[in-house]
2 protein chains.
Amino acid sequence: MYLQKEINEQPGVLARFLAEQNENIEAIAASVREFDPAFVCIAARGTSDNAARYAQYLFGARAGLSVGLSAPSLHTLYGQPPDLSRALVIGISQSGQAEDVRRVLDDANANGGLTISITNDPESPLAQTAKHHIDLLAEEEISIAATKTYTAQLTAIAALVTAYADDDEMRENLLALPDAMEQTLTQITHIAHWAERYRYMNQFVVIGRGYNYATAFEIKLKVKELCYIISDAYSEADFRHGPIAVVGEGFPVMAVAPKGKTLDNMLDLLAELSERGAELLVISNDDRALDSGVKTMRIPDMPEWLSPVVAVVPGQVFAMNQAIVRGYAVDKPRGLSKVTVTQ
Amino acid sequence: MYLQKEINEQPGVLARFLAEQNENIEAIAASVREFDPAFVCIAARGTSDNAARYAQYLFGARAGLSVGLSAPSLHTLYGQPPDLSRALVIGISQSGQAEDVRRVLDDANANGGLTISITNDPESPLAQTAKHHIDLLAEEEISIAATKTYTAQLTAIAALVTAYADDDEMRENLLALPDAMEQTLTQITHIAHWAERYRYMNQFVVIGRGYNYATAFEIKLKVKELCYIISDAYSEADFRHGPIAVVGEGFPVMAVAPKGKTLDNMLDLLAELSERGAELLVISNDDRALDSGVKTMRIPDMPEWLSPVVAVVPGQVFAMNQAIVRGYAVDKPRGLSKVTVTQ
């Protein structure tokens, strides 16, 4: 099973990435500072789109830059690209084959914007189109559900913002990431033992907020890709703003609630969901949050801004185990191909 | 039942809005041209967030401006607002009470950005915070599921971009909107007759692309709010990039596929979904698209950029009828309140 193998490779992938890409990323960050963008625009699809959500919070909070996710069809179907002359434009694609993402960067180059690609293939069209390239160095990912390339993408974004902010404390935090990933993997092996409880679950909601808004979306995507379960992801704020209506007795909700600025809001939500009788599955490093869970997945203590890199891993392992329990093909879910060349 | 009444008020609301807000919007557009923003940032939650998605495509395609959706928690929980000094910042909230949206505009004002609010209450905190205000004039919306305020928000965005682009053909198209809305309502009364078919549907996907990406999200939200069904919305491109794996025999998919630049892609997707045996519910003004549907909801011929204003209406009516068929409280779904003051 490649998926299990690739999930387990994540500590090594992050360690290699941080060691070998550091110099390149510091140089790119210097070039971004010189360009002095008015804003950031990110082009991505699928799993990479969730990496872009993380970038939105991290660039905003630590680099003071407003981030928008691009609407690639403006560049392809509509042929009416917006003005990106003052933008830092980042294209994220595991394979680097996403043609619509490449077109956004192509238009941005022509328009005078500064372009960066983040891919796992330096020879790919996207990598070749961007002015700067960050290579994930994650080695081939064979399983169709992206895992190690996702956490490598988050790490690439974290390293880029760290270098741009020129912040030594952030640099130090980054280096602790491979160990935190290793520790997470050893702490969540119990998921395989209780996965059967959810064999007949046919609805599912994942909640996160702030930096971990991205984590909620990525866990939802893994569960959908691997288990064909219609699920939904929300920020804690949006969820209370309407969709919480779906939650009744026994409704399964996975909450990503690590320590940090968003924890108090997440604890409030967990209390409200408990009152409604929801079945809570909690990913956290906070005892109060974990205490509210029917099932708990502990991650190590770490700064909130880096927590998405490890907080997604229990979700990956949960989705994989659900697929196994249901007898689904783990490495090649039906109807999916690894590389999508969207027009 | 207020919901039915408010859905039926939509032609009148749009006509009044276009007549009475025209002068104000032309003046605001002139002020935007003078400010010359580098990009647009939109702050919104829930239904208003879907109006923001529409704005992303329309500002991009017709005004050449890149649009990002703001991450309000950067302004509230994290206290680290990004640089919005070169941004046009638009806050959208039906009630104007969303405190986090107001904080984004407050920070933008302090930062030198240009702020506009779009609300249904000119006395609300959000309206009072923004430099410019666009009043939806939709009269009180009593039903908790927003309908007339959503289509009025879309019309406000359409009118603002039209005035900014200073395009007379667009101005003429806009004026045809109330009639198109009226015609749509008379063409979809049949939905009530077949709503029972979906009484036990417990999963649901809505697909749109480009301008109607927003429509897919808004229909999904109505179905969730009113019927407590976990559903999902995707762009045609993202859907093929993974989630299509959930679609098997009889799986219900609603497709928003009006004539325009996105139609060919949507037709391809409809063919693929038909092959998979999906149960297709099609909203369109194109005969080929409608032919592929088990159930069809026809909208009038109109320019693609305005189609989201009417294409959402069959979704509103579908969601309302599902709630009726299931015996749910239509005007006050469980667990929801009309005004959310998110921190």
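The values are calculated or read from the model by the stated rules, or taken from the named source; none is laboratory data. Just so it is clear, the structure is predicted and the values come from calculations on it, not from any experiment. We place every Cβ from the backbone using ideal geometry, glycine too, and count neighbours over all the protein chains shown. For accessibility, only protein heavy atoms count, side chains too; no ligands or nucleic acids. Shrake-Rupley method; radii C 1.70, N 1.55, O 1.52, S 1.80 Å.
Quickly run through region A:31-48 and pick out the residues that are touching a residue at least 24 places away in the same chain (Cβ under 8 Å) and of a type outside the set (Gly, Ala, Ser). Of everything in region A:31-48, those that are touching a residue at least 24 places away in the same chain (Cβ under 8 Å) and of a type outside the set (Gly, Ala, Ser) turn out to be A:VAL32, A:ARG33, A:PHE35, A:PRO37, A:PHE39, A:VAL40, A:CYS41, A:ILE42, A:ARG45, A:THR47.
With respect to A:ASN202, is the statement that it is surrounded by fewer than 20 Cβ atoms within 10 Å (Cβ to Cβ), over 29 Å from A:GLU20 (Cα atoms) and not hydroxyl-bearing (Ser, Thr, Tyr) true?
Values: surrounded by fewer than 20 Cβ atoms within 10 Å (Cβ to Cβ): yes; over 29 Å from A:GLU20 (Cα atoms): yes; not hydroxyl-bearing (Ser, Thr, Tyr): yes.
Yes; evaluated as a whole, the condition is true for this residue.
Filtering B:SER143, B:SER117, B:SER95 for residues that are open to solvent by less than 20 Å² (accessible area, probe 1.4 Å), out of contact with any helix residue (DSSP H, G or I) (no Cβ under 6 Å at 6 or more places or on another chain), of a type in the set (Ser, Thr, Tyr) and not in a helix (DSSP H, G or I) leaves a single hit, B:SER95. Of all positions in region B:206-218, none carries a residue that is of a type in the set (Lys, Arg) and either in contact with a Phe, Trp or Tyr (Cβ under 6 Å, 6 or more places away or on another chain) or more than 7 Å from chain A (Cβ to nearest Cβ) (or both). Might you check whether a residue that is small (Gly, Ala, Ser) and within 23 Å of A:ALA180 (Cα to Cα) occurs anywhere in region A:95-109? No, there is no match, as no residue in region A:95-109 is small (Gly, Ala, Ser) and within 23 Å of A:ALA180 (Cα to Cα).
Filtered by the rule that a residue be open to solvent by 20 Å² or more (accessible area, probe 1.4 Å) and assigned to a helix (DSSP H, G or I), region A:29-46 gives A:ALA30, A:SER31, A:ARG33, A:GLU34, A:PHE35.
Annotation: B:LEU281 fulfils all but one of (1) buried (at least 22 other Cβ atoms within 10 Å of the Cβ); (2) touching a Leu at 6+ places or on another chain (Cβ under 9 Å); (3) not in a helix (DSSP H, G or I); the unmet one is (2).
With respect to the conditions (1) open to solvent by 20 Å² or more (accessible area, probe 1.4 Å); (2) touching a Ser or Thr at 6+ places or on another chain (Cβ under 8 Å), B:PRO314 lacks only one, and its number is (1). B:ALA52 meets the conditions (1) over 29 Å from A:ASP107 (Cβ atoms); (2) part of a helix (DSSP H, G or I); (3) open to solvent by less than 20 Å² (accessible area, probe 1.4 Å) in every case but one. The failed one is (1).
Please go through region B:9-27 and give me each residue that is surrounded by 15 or more Cβ atoms within 10 Å (Cβ to Cβ) and either without any contact (Cβ under 8 Å) to a residue 24 or more places away in the chain or farther than 19 Å from B:LYS131 by Cα (or both), ordered by number.
Hits for region B:9-27 are B:GLU9, B:GLN10, B:PRO11, B:GLY12, B:VAL13, B:LEU14, B:ALA15, B:ARG16, B:PHE17, B:LEU18.
If the condition is being among the aliphatic types (A, V, I, L, M), surrounded by fewer than 23 Cβ atoms within 10 Å (Cβ to Cβ) and touching a strand residue (DSSP E or B) at 6+ places or on another chain (Cβ under 9 Å), then region B:248-268 contributes only B:LEU263. Would you mind finding the one in B:SER70, B:SER31, B:SER93, B:SER66 that is farther than 25 Å from B:ARG209 by Cα and of a type in the set (Ser, Thr, Tyr)? None of the other options fit; the residue is B:SER31. With respect to the conditions (1) within 10 Å of another protein chain (Cβ to nearest Cβ); (2) farther than 25 Å from B:MET320 by Cα; (3) open to solvent by 10 Å² or more (accessible area, probe 1.4 Å), B:ILE244 falls short on a single one, namely (3). How about region A:233-266: which of its residues are over 16 Å from A:ALA216 (Cα atoms) and out of contact with any Gly (no Cβ under 9 Å at 6 or more places or on another chain)? Result: A:ASP264, single match.
Going through (1) touching a residue at least 60 places away in the same chain (Cβ under 8 Å); (2) open to solvent by less than 20 Å² (accessible area, probe 1.4 Å); (3) not basic (Lys, Arg) one by one, A:PRO82 falls short only on (1). Within region A:33-68, being touching a strand residue (DSSP E or B) at 6+ places or on another chain (Cβ under 8 Å), within 7 Å of chain B (Cβ to nearest Cβ) and not aromatic (Phe, Trp, Tyr) holds for A:ALA38, A:CYS41, A:ARG45, A:GLN56, A:GLY60, A:LEU65, A:SER66, A:VAL67, A:GLY68.
Quick check, is B:LEU3 farther than 23 Å from A:LEU65 by Cα and more than 9 Å from every other protein chain (Cβ to nearest Cβ)? Full working, then the answer.
Details: farther than 23 Å from A:LEU65 by Cα: yes; more than 9 Å from every other protein chain (Cβ to nearest Cβ): yes.
Against the criterion (farther than 23 Å from A:LEU65 by Cα and more than 9 Å from every other protein chain (Cβ to nearest Cβ)), B:LEU3 qualifies.
Starting from region A:208-235, take each residue that is within 17 Å of A:GLN56 (Cβ to Cβ) and list its partners that are of a type in the set (Asp, Glu) and buried (at least 24 other Cβ atoms within 10 Å of the Cβ), counting only C-beta distances under 8 angstrom and pairs at least six apart or across chains. If the second residue must be of a type in the set (Asp, Glu) and buried (at least 24 other Cβ atoms within 10 Å of the Cβ), the pairs left are A:GLY208/A:GLU236; A:ARG209/A:GLU236.
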